Amino acid sequence: MRIVVLAGGIGGARFLRGLKAAAPEAEITVVGNTGDDIHLFGLKVCPDLDTVMYTLGGGIHEEQGWGRAEETFAVKEELAAYGVGPEWFGLGDRDFATHIVRTQMIGAGYPLSAVTEALCARWQPGVRLIPMSDDRVETHVLVELDGERKAVHFQEYWVRLRASVPAHAVVPVGAEGAKPAPGVLEAIGEADVILFPPSNPVVSIGTILAVPGIREAIADAGVPVVGLSPIVGDAPVRGMADKVLAAVGVESTAAAVATHYGSGLLDGWLVDTVDAAAAPEVEAAGIRCRAVPLLMESVEATAQMAREALALAEEVRA
Ligand code: GDP
Ligand code: CA
């Protein structure tokens, strides 16, 4: 079975760990979000690609959900001693090495997709990880700061401002001119099932879908497309999905996220058991819906979520 998954960072990565356990024989291609990418200290940092790579490769800081396990921060402290920031973005020493290798390869002319493949040769994530695009796409958030509207980089909104200021719009800058990375459309075209993990619908999956060609390829693939809600009990399980959903005019409910994707894209949608009452609304929108436990509390619980998603895909296919 060939499965394509569109993934952000933590939500996508944790789901993928469960999916690998649930379908060990499957050939899994992950299309990763690069809208969160940022240049820091002259280095190209790809937080979502790295979260997937480290999580599946066994290098992730488990409790934190991002960054490396057993990390130290000597480089960051030395940079701070020189007065060189930003100090609000936590890059550890081990993580720095990844960004140095990536930046060096990009400087040598390799596209991000080739660099990601090279980094994965070390981590062996057990999936094929492809960035959504080799072209630069940067998510900006239009915020209200000191009484003025201002566009800031997504990382500045999320990490520096902690999503504490009102967000009015989310713009994937550069997306309209970006091309899907080599292999993305091919993988979608050859997939048996396409899954949307419980990743952020706006700044993770929404950004991937904003790359021209990707949304169309998924809609035209003619195979089941099934998603899992990142919203449980009318709130994100973690993160700021509620704030960025509000910025694009979508309520923070499991049903609203499903209808935001729409039946043109989604065939099936899993909501948590606490949101079982939302199922009729989702079904009325033409999307088959089931309520199952959706908390990724362990690999086994997450594997069960993946099995439910694959079962719903089979139901849709039949
Ligand atoms: P990010 O790039 O690190 O923000 O990660 P993603 O975009 O992949 O995923 C973030 C989303 O995952 C958030 O909207 C969370 O609500 C969702 N999430 C995190 N943990 C869980 C969980 O255990 N269950 C569900 N259903 N969603 C989760
Ligand atoms: Ca992210």
Inset, instruction - Take segment 1-26 and flag every residue that is of a type in the set (Gly, Ala, Ser) and outside any helix (DSSP H, G or I). - result: ALA7, GLY8, GLY9, ALA23, ALA26
Legend entry - Selection status of GLY90, of a type in the set (Gly, Ala, Ser), modelled with pLDDT under 95 and surrounded by fewer than 24 Cβ atoms within 10 Å (Cβ to Cβ): yes
Inset, instruction - Go through segment 19-36 residue by residue and tally those that are of a type outside the set (A, V, I, L, M), open to solvent by less than 10 Å² (accessible area, probe 1.4 Å) and under 21 Å from ARG122 (Cα atoms). - result: 3
Legend entry - Matching entry among VAL115, VAL101, VAL84 (being buried (at least 17 other Cβ atoms within 10 Å of the Cβ) and either in contact (Cβ under 8 Å) with a residue 60 or more places away in the chain or of a type in the set (A, V, I, L, M, F, W, C) (or both)): VAL115
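Here's the yes/no breakdown for (1) within 16 Å of ligand 1 (Cβ to nearest atom); (2) closer than 17 Å to VAL299 by Cβ:
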{"residue": "GLY18", "(1), (2)": "yes, yes"}
{"residue": "ALA26", "(1), (2)": "no, yes"}
{"residue": "GLY32", "(1), (2)": "yes, no"}
{"residue": "GLY35", "(1), (2)": "yes, no"}
{"residue": "TRP66", "(1), (2)": "yes, no"}
{"residue": "LEU79", "(1), (2)": "no, no"}
{"residue": "HIS99", "(1), (2)": "no, no"}
Legend entry - Checklist (1) of a type in the set (Val, Ile, Thr); (2) open to solvent by 20 Å² or more (accessible area, probe 1.4 Å); (3) in contact with a helix residue (DSSP H, G or I) (Cβ under 8 Å, 6 or more places away or on another chain) applied to ILE194, failing item: (2)
Inset, instruction - Would you point out the residue of segment 220-255, among those that are aliphatic (A, V, I, L, M) and over 19 Å from the mean Cα position of the chain (by Cα), that is surrounded by the most Cβ atoms within 10 Å (Cβ to Cβ)? - result: ALA255
Inset, instruction - Working only within segment 161-189, note down all residues that are more than 29 Å from GLY222 (Cα to Cα), out of contact with any strand residue (DSSP E or B) (no Cβ under 8 Å at 6 or more places or on another chain) and exposed (fewer than 15 other Cβ atoms within 10 Å of the Cβ). - result: ARG162, SER164
Inset, instruction - Could you pull out the residue among GLY57, GLY9 that is at pLDDT 95 or above, away from ligand 2 (no atom under 11 Å from the Cβ) and either in contact with a Phe, Trp or Tyr (Cβ under 8 Å, 6 or more places away or on another chain) or not assigned by TED's automatic domain parsing to the domain that holds PRO182 (or both)? - result: GLY57
Legend entry - Complete set of residues in segment 297-318 that are among the charged types (D, E, K, R) and either at pLDDT below 95 or closer than 15 Å to VAL226 by Cα (or both): ARG307, GLU308, GLU314, GLU315, ARG317
Legend entry - Members of segment 159-182 found to be over 13 Å from GLY35 (Cα atoms) and in a helix (DSSP H, G or I), listed by number: VAL159, ARG160, GLY177
Legend entry - Per-region count, segment 108-153, residues farther than 27 Å from GLU216 by Cβ, modelled with pLDDT of 95 or more and part of a loop (DSSP other than H, G, I, E, B): 6
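The rows are residues; the columns are (1) under 15 Å from the mean Cα position of the chain (by Cα); (2) within 16 Å of ligand 2 (Cβ to nearest atom); (3) under 16 Å from LEU195 (Cβ atoms).
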{"residue": "MET1", "(1), (2), (3)": "no, no, yes"}
{"residue": "VAL5", "(1), (2), (3)": "yes, yes, yes"}
{"residue": "ARG14", "(1), (2), (3)": "yes, yes, yes"}
{"residue": "THR29", "(1), (2), (3)": "yes, no, yes"}
{"residue": "ASP36", "(1), (2), (3)": "yes, yes, no"}
{"residue": "PHE41", "(1), (2), (3)": "no, no, no"}
{"residue": "LYS44", "(1), (2), (3)": "no, yes, no"}
{"residue": "LEU49", "(1), (2), (3)": "yes, yes, no"}
{"residue": "MET53", "(1), (2), (3)": "yes, yes, no"}
Inset, instruction - Test TYR261 against the stated conditions and say whether it is within 13 Å of ligand 1 (Cβ to nearest atom) and either in contact (Cβ under 8 Å) with a residue 60 or more places away in the chain or open to solvent by less than 20 Å² (accessible area, probe 1.4 Å) (or both). - result: no
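The values are calculated or read from the model by the stated rules, or taken from the named source; none is laboratory data. Only a predicted model underlies this, so the values are computations on that prediction, with no experimental measurement involved. Reconstructed Cβ throughout: ideal geometry from the backbone, glycine too, with neighbour counts over all protein chains shown. The protein model used for the area step is the full one, side chains on, heavy atoms only, and it has no ligands, DNA or RNA in it. Shrake-Rupley method; radii C 1.70, N 1.55, O 1.52, S 1.80 Å.
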